[in-house]
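The structure under discussion appears below in the form of structure tokens.
Since every read-out is calculated from the coordinates, none of them should be taken as a lab result. Quick caveat: nothing in here was measured; it's all calculated off a predicted structure. Note that we place each Cβ from the backbone using ideal geometry, even for glycine, and neighbour counts take in every protein chain shown.
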Amino acid sequence: MIQQFDQFQKFGQDNMDAAMKTFGAVTKGAQTIAVEAAEYARKSFEQGTATVEKLVGAKTLDKAVEIQTEFLKNSYEGFVAQTTKMGELYAAVAKDAFRPFETIVTKAPAK
């Protein structure tokens with residue numbers, strides 16, 4: 001009976017440790033994602049500002065269309081790349097968050 005209590009207590013402690021590790025992984029991942037999102041927003045703003053400056057200096061309509069087309073192309077490519085990167089970050093956060101519980105599941109008795 002005491003041995004079962006000790007096993008139960010150990011299992012509870014393992015769960016608490018895993019929960020704390022998960023919390024740490026999620027917190028770290030959220031910070032990474034927030035920094036990445038802020039950096040992307042900053043770059044997008046700078047590119048938009050630079051494009052507006054180029055448009056103001058455009059002498060012809062053809063040059064303005066060319067500047068706008070280049071901006072849209074670069075914005076789309078940047079968005080696709082950022083979306084892929086953010087997806088990878090979210091997947092990494094999920095993987096890191098559940099890793100501590102994988103070891104608990106493998107240790108759990110089959111009873």
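Some notes on this structure:
- The long axis of helix 2-57 is offset from the longest Cα principal axis of the chain by roughly 0 degrees.
- Angle in degrees between helix 61-107 and the longest Cα principal axis of the chain, rounded to the nearest 10: 0 degrees
- With the simple spin-label model, which puts each label point 7 Å out from Cα in the Cβ direction, the residue 60 to residue 83 separation comes to 3.5 nm.
- Calculated [θ] (222 nm, deg cm²/dmol) that DSSP helices of n ≥ 4 give over the chain, each run adding -39,500 (n - 2.57): -35000 deg cm²/dmol
- For the pair residue 30 and residue 53 in one chain, pulling the backbone fully straight at 0.36 nm per residue adds 4.8 nm over the alpha carbon distance.
- Rough spin-label spacing in nm, given labels placed 7 Å along Cα→Cβ, for residue 45 and residue 90: 2.4 nm
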